[in-house]
Structures are given as C-alpha cells and as structure tokens.
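Q: Would you mind keeping the following structure in view while I ask a few things?
The values are calculated or read from the model by the stated rules, or taken from the named source; none is laboratory data. Since the structure is predicted, the reported quantities are computational estimates derived from the model, not experimental observations. Note that each Cβ is placed from the backbone with ideal geometry, even for glycine, and that neighbours are counted across all protein chains shown.
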Amino acid sequence: MSDYLPVEVIIDILKWLPVKSVVKFRSVCKTWNSLICDPSFVSAHCQAYLSRPPNNTPLLLIISFSVNGKDKYSLHYDNDVFDELKKLQYPVFDSIWSPMYFGSCNGLVCLGSYAHNPMRFVFWNPSIQKYISLPQPDICCIDYASRLNSAFGFGFGFDSRTNDYKILTVRFDKANHLIQPSLFSLRENCWTMVVAIAPNYEFDDETSMTFVNGAVHWLGYQRRNSDGFKFNYTILGFDLSAEEFFEISFPESFTCLPDMELSTMKYGQSSIAVVKLGWEDGELLEMWVMKEYGVVESWTKVLALYMGDRSELFPRVLGFRNNGEVLLQVDEGEMAPLDLNRQLIKPHGVKIGEYFLSVESYMESLVLLDKAIGVCSVSDANHVIDSTGRRVKRHRTVLKKDWGGLHELWLMDEYGVIEPWTKLIEPHGAKVGESLVLLDKGADVRSVSYANHAIDSNVSDEPSGGE
C-alpha cells in the first residue's frame, strides 16, 4: 500500500488508530517502522487522540496500594462496573517497596523512589510497556539529618511549547525556611536549578502536585508562631513553559481548622479542585472547584459530607470521572461514584483492590516510542533499577539465619513480594538469639555449608556471573 499511497495519507490514517494496532504496524516494513517511531508522528497520534469525539469508553489508571509494599497497577474502563482492561507490570527499583506515583500525562507515567538517597525517577508508558530511567537530581542528594528537616514536593507535566515532559522537585528547608526548586527536561535529559524565586510557603512532605493548564499545582501554608498550627492556605503553581511561580488564592468563605487535611486534584480538562478533610464535632469532607481557571470568584463548594462519629470508614475522594461524577473510596479497596447534581452516592461500591486506591483518567499513547537511547522494556522481569538509575540484572535475595555451624536459608523467589519467601534448609538444635544476615543480593549462590556438609541449594538457575 505504501508503494502507491503518499506518506501524508498513510500518516493521516495511522494517527487515528489505537496504540496496539499502530505498534503492530511497525513490522510491516522499515519505512513504516521509521515513520511510526518519528517524534512528529508520536505527537500527531497524541493530538489525534485528544481531539477525537468521546464515543469510546475512557480509561482509568487505578493503583491499589498494598500493606506489603507490592502495589498493583491496572487499566479499567470508566463504565458502571469499572471493568478491568489489563493488569500492568511496572518498573521495579531495587527495594522491597513499590515506587511512588507522581502523576500521568499524555499516557506517560512518572514514578520515583523516595526511599533512596539520591532519589530516582523513571518515565513509564504502560501502553507500550517501555520506560526510561532519569538522571539523578542533585537537589535530593542530602544527608539523612537534612532530609528529616526537609519537605519534598514532586510535580510532573507537559510543556506544550517545546513538546517536552518535565518534573519539578521542590525542597523546603524547614530550619532555614529556604525553597530549592529543580526541573528535569526529557528533551534535554538533564536537571537544572530553577532561577525563579518561589513564594515562601511551607508544604507537607511527599506532596504530589496536580498538572493543569500547563502548570503543576500544590498546597502551601504558613504556620502561626504561637502554636505552630497551619494557616493562610494558598495554591502554589509553576508554569512549565515560562518556568515561573504564581499563586491562586482561596475565597474568604474558604476556612480551615488547624488539623484539616487538604489536597488538590484536576477538575475537568482545564481547572482544579481542592478537597478538605477534617474533624469538627464529627468528620467533615468538603470539595471546592474553580469553575473558571485563575478566577478567584469562581471557587464553588460542590460537596459537603458529614459523619457524626468515626465508627465507619469515611469516604475519601479519589478524583473525577469523564462524565463529571466524583469517585469515592467507600471501603478498603472499594469505590463508588457520586453524582454532584443530586448529591447521591451509588449504594453499592465496586471492589477494585485490597487497601487504599489511587485513580486517574488515562489515555493510551506512543510516547517514548520515538526515544532510541535509554528506553527499556518493562516485560523483562529479570531486571531492576539500581541505586545509580541503571538497569541491572535482578537476583533473588537470600537471608541466612546464623547459628554458628548451623544455617537456615530463606529465598525470596519473586523480588519485592513477601509471600514467595521459601525456607531452603531446616536446621536442628538451633540456639536462641540468632542473627539475620543478608547472604546474597547480587551474585549467584550454588551451594552452602550446613553441619560441615556441602549442600547444593540450587538458588540460582543461571550460570555464575550473570550478565
């Protein structure tokens, strides 16, 4: 077909097709593969997706947080029962904990590891199961004592002017009341210090920002000198194109008690909402939306829920559906829609996960398909991201209980998952007060000594030395 159809016509056809189909067409010929992996086509396909009429069922990216540190990511249809489209395998850091989620934009997801120093980030596209590890940010290379006295905020979004995906990290030094912002550009593949002066507001640690209208937003506040309570809340913003900070004020009727929890989220396609959760003679949940972005007078309270006691799990706002309904978590791992016009919650929720949930609208895209260097496949479960951000071979972890001449070996067969721990050797006559030692975390283990006898533990099923 490419022999008698102009390239422009082929592009115009392909850009309207689903991601799964386009990826398959890469194998048609070298010309099509080059065309589909071209940055201009990736952008055209993304714009076509955003401009198409909403006749298809939209998607939701749902994260089910687990108490054992092994979170679950999945794509669901935004329908009445939230049917699951597919489970997702995500990039794994060399930690027993799952990576933190910092948002998604145009099908690209930003994940990070907060447990490491320095912190590490990856951009991941679940649609094509590709990811890229980012360089380490200098702003997060601080000692343990300094980290305890700091708060970090993370924002992820898209700069439409330069067709670039960016991360904003903001560190608040509580001791010196200093704000240190840093910006990563995927286009430039580097971090730079932001020269613009940030408004001097404190914010909570591990603050996740909301991307709307080309800017990331988060909640800032000041503290009273008399009692240290938070007050004078405001929304702080950072324009990813202009690289400038700004503030969005609340109306006078927006009042907060000292112990209230506030969070931001996206409202519609181009504005922002704020959720208040607090306790005043009962539990109180409020939601305010800015109906016209940037206009203070357009702030409107659209939801107020009250519960007299804490005998039941109070609903938690997860986000908005494409039809405008609010998604609430009404029980552990269970969510239900709320109609704002009628102020009614669907009587029976849908069980999605086991614990807390995070929900966000998602669009499939080809982003990262145009990156030839540094992009890895998530499907290779034998690799993890190490402390330098490199993709390295994953090794099963073995713990040894040492009783002098007697050993007990435990094997973590699936990295980061608690359930697959398996006891390999059972000692007899063990002493009290044994110590746990990490026997192996990076090299192959073939045999161990037990009661002065060599036993082949068969820990590794690969040749010694690995890659």
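Q: Which residue out of 215, 242 is of a type in the set (A, V, I, L, M) and under 27 Å from residue 358 (Cα atoms)?
A: One residue alone meets the criteria, 215.
Q: Suppose we keep only residues that are farther than 13 Å from residue 41 by Cα and either surrounded by 14 or more Cβ atoms within 10 Å (Cβ to Cβ) or small (Gly, Ala, Ser) (or both) within the stretch 10-27. Which one would you say is farthest from the chain's Cα centre (by Cα)?
A: Only one residue tops the list, namely 27.
Q: Looking only at the stretch 375-389, count how many residues are surrounded by 17 or more Cβ atoms within 10 Å (Cβ to Cβ), modelled with pLDDT under 85 and in a strand (DSSP E or B).
A: Matching residues across the stretch 375-389 total 3.
Q: If I ask for residues that are touching a strand residue (DSSP E or B) at 6+ places or on another chain (Cβ under 6 Å) and either surrounded by fewer than 21 Cβ atoms within 10 Å (Cβ to Cβ) or among the hydrophobic types (A, V, I, L, M, F, W, C) (or both), which ones from the stretch 152-164 would you list?
A: Within the stretch 152-164, 152, 154, 156, 158, 159, 164 meet the criteria.
Q: On to the next question. Select from the stretch 137-151 the residues that are in contact with a Phe, Trp or Tyr (Cβ under 9 Å, 6 or more places away or on another chain), of a type in the set (A, V, I, L, M, F, W, C) and at pLDDT below 80 and write down the one among them that is surrounded by the most Cβ atoms within 10 Å (Cβ to Cβ).
A: Out of the qualifying residues, it is 140.
Q: With respect to the numbered conditions (1) surrounded by fewer than 17 Cβ atoms within 10 Å (Cβ to Cβ); (2) assigned to a loop (DSSP other than H, G, I, E, B); (3) at pLDDT below 90, which one is the sole condition not fulfilled by residue 31?
A: Going through (1) surrounded by fewer than 17 Cβ atoms within 10 Å (Cβ to Cβ); (2) assigned to a loop (DSSP other than H, G, I, E, B); (3) at pLDDT below 90 one by one, residue 31 breaks only (2).
Q: Something else now. Being over 20 Å from the mean Cα position of the chain (by Cα) and either among the basic types (Lys, Arg) or outside any loop (DSSP other than H, G, I, E, B) (or both) is the filter here; which residues of the stretch 335-374 pass it?
A: Matches in the stretch 335-374: 336, 337, 338, 339, 342, 344, 345, 346, 350, 351, 371.
Q: So if I check each of 215, 198, which one is over 23 Å from residue 148 (Cβ atoms) and touching a residue at least 40 places away in the same chain (Cβ under 8 Å)?
A: Step by step, each of 215, 198 is checked, and only 215 is over 23 Å from residue 148 (Cβ atoms) and touching a residue at least 40 places away in the same chain (Cβ under 8 Å).
Q: Next question, about the same structure. If you scan the stretch 184-229, which residues turn out to be under 24 Å from residue 271 (Cβ atoms) and not in a loop (DSSP other than H, G, I, E, B)?
A: Matches in the stretch 184-229: 207, 208, 210, 211, 212, 215, 216, 217, 218, 219, 220, 221.
Q: Here's a follow-up. Based on what the data block shows, is residue 232 in contact (Cβ under 8 Å) with a residue 60 or more places away in the chain and either surrounded by 14 or more Cβ atoms within 10 Å (Cβ to Cβ) or over 25 Å from residue 373 (Cα atoms) (or both)? Steps first, answer last, please.
A: Details: in contact (Cβ under 8 Å) with a residue 60 or more places away in the chain: no; either surrounded by 14 or more Cβ atoms within 10 Å (Cβ to Cβ) or over 25 Å from residue 373 (Cα atoms) (or both): yes.
No: the conditions fail for residue 232.
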